[in-house]
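Presented below is the structure to which this report refers.
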Amino acid sequence: MLTNKRSSRSLALTIVLGLTGVGAGIVAGFLAGASPKLLGLAVVAVGIVCYFFTNFEQAVLGLLILRSSLDVFSDLQIPGVFAVGLDALTLLYVIVLLLTGRIVRTDRFWWFLFGWVLLQGLWLILLYLGALGLDASYLPDSRREWVRLFSWVMVYLLVMQLKDRLTPQKVISRLFLALPLPLAIGLLQIPQGSDRIVGTFSTANTFATFLLLFISLVWWKLYGTQQQWFWLMLLGLLCFFFVSTKSLFSLMMIAVFVLVLITPRLNAVKLISGVLLLGLIIALFASTEFGQQRLASIAQTPLLNPDIDISRAILLSQGDSNSFNWRLSQWHLLLKAWKNSPIFGYGLGLSMPAGGNEFLPHNDYIRALVEGGIIGLVTFLVFFAAQFIHLLRLIQQTPYESKQRNLCFILLAMLSSIPVGMITENIWSHTTFFFYWWVLLAVAGWDWNEQQIREDMTFK
């Protein structure tokens, strides 16, 4: 019986690979006549697919590590090509699993994420039908945004297929290999006199959220490790680059992160550690001329100056170079535009044409409102509420003081900081941050105890 099942799986896999080979041959023949360069790309693509299937674990880890170095090639559309390629590889792998009768691993939250992204496709249909604030000529831009969201579903699904193949600790440890190149490029930018370090990213703000996520992972590594000196040195290095991005919103995010992290299990050691970390970052930020200017600019906003109301701040934004006052002006502009299409908004990824000035909102709640209307904003809030509930459930289900529970709690602290950053920044556009976020959320939901038992049995 077992032999028959294996034979049928092998036959199905052979058929799939055979059909793939025939299809590749036809495509290669067409490309050879069209362009030798395209043929070369096709050969590379076939090589990648073969390596992906023959060395699945190493290939997936390599793709995860590679993502942090791609944003520097955004002008060449490399991140977009990477996302589409990753989606295709994941779907092809899942199809092969289904045809060969093997298990496709998912969890309840993946199904929620999948359903939520499918729901966002409703705005593509409405845009095509002309039922939104913009016409169907903007459909390619909106479709591109939906594909970006769909790639998050595929990343989660792909990482789930590593379950029972690799331990959670190994997957997370390998993610740290995504740091060297962005940090090395950032280090080269310091002697160039750059005001803000961007690493391999398009903006300093995207680099800041990426660093904050890895600061949280280093914090997790410090729990119960024998090499605390190494992780403390890495923490200091990441804090240095984090401050060098000179992103004011990131200070609020890390303050919330530390506060949530230390409050439930407050003791002298955690309190001192949290205060020292936060104090070090603020001190380093305020030690630079640029940082002092950013902090001083807050005094010329309605936040700290009672003599400046919102209307005056909007007028001042036209000439005072104050980024917060400019944000108030941008929010005012977008909210006026939203009133023209309040229920379903203008469409996914279309906040810039909706505003008419080609700038992102710098407030993800306003972005959700403008792009999706009231309905879209509700789904946006539900999306984050579901993540909170998922992590809280995992914390309740995992053993006290276990590595899995500590990771879930750190992710919960990180998740708590995201809505704060979204008030003044385009966190929703930080694709690399969310790429690694979904990797970690998928791994956090694995059954760590079962995998540890399997690993121990393997060594025995």
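The values are calculated or read from the model by the stated rules, or taken from the named source; none is laboratory data. Here the structure is a predicted model, which means the values were calculated and not measured. Quick reminder, even Gly has a Cβ in these numbers, built from the backbone with ideal geometry, and neighbours come from all protein chains shown. Side chains are part of the model used for accessible areas, which takes the heavy atoms of the whole protein and leaves out ligands, DNA and RNA. Shrake-Rupley method; radii C 1.70, N 1.55, O 1.52, S 1.80 Å.
Numbers at a glance
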quantity: Cβ charges +1 (Lys, Arg) and -1 (Asp, Glu), total dipole of segment 327-452, debye; calculated: 280 debye
quantity: Protein-only accessible surface order, largest first, of 401, 425 at 1.4 Å; calculated: 401, 425
quantity: Rounded to the nearest 10 Å², the accessible area of residue 400 at probe 1.4 Å; calculated: 150 Å²
quantity: Residue-normalised accessible area of segment 139-243, given per residue in Å² at a 1.4 Å probe; calculated: 39 Å²
quantity: Descending semi-axes in Å of segment 49-96, equivalent ellipsoid built from Cα gyration tensor; calculated: 21, 13, 7
quantity: Segment 354-370 - phi-based ³J(HN,Hα) in whole Hz, Karplus 6.51/-1.76/1.60, Gly and Pro as x; calculated: 5, x, x, 10, 6, 10, 5, x, 6, 6, 6, 6, 5, 4, 4, 5, 6
quantity: Flagged links, alpha-carbon separation over 24 Å, of 246/336; 221/246; 170/246; 163/403; calculated: 246/336; 221/246; 170/246
quantity: Heavy-atom SASA rank of 195, 447, 71 (probe 1.4 Å, accessible area, largest first); calculated: 195, 447, 71
quantity: Accessible surface of residue 128 - all protein chains present, 1.4 Å probe, nearest 10 Å²; calculated: 150 Å²
quantity: Burial ranking of peptide ranges 236-249, 209-222 (average Cβ count within 10 Å, highest at the top); calculated: 209-222, 236-249
quantity: Segment 322-460 - Debye-derived log10 I(q)/I(0), Cα point model, q = 0.17 Å⁻¹; calculated: -0.92
quantity: Spread of Cα-to-Cα distances over 5 Å intervals beginning at zero, given as percent, for segment 75-157; calculated: 3, 14, 18, 19, 18, 14, 9, 4, 1, 0
quantity: 15 Å reach of a label modelled at residue 384, 7 Å along Cα-to-Cβ, counting backbone N of segment 433-450; calculated: 434
quantity: Segment 143-217 - charge dipole about Cα centre, Lys and Arg +1 at Cβ, Asp and Glu -1, debye rounded to 20; calculated: 280 debye
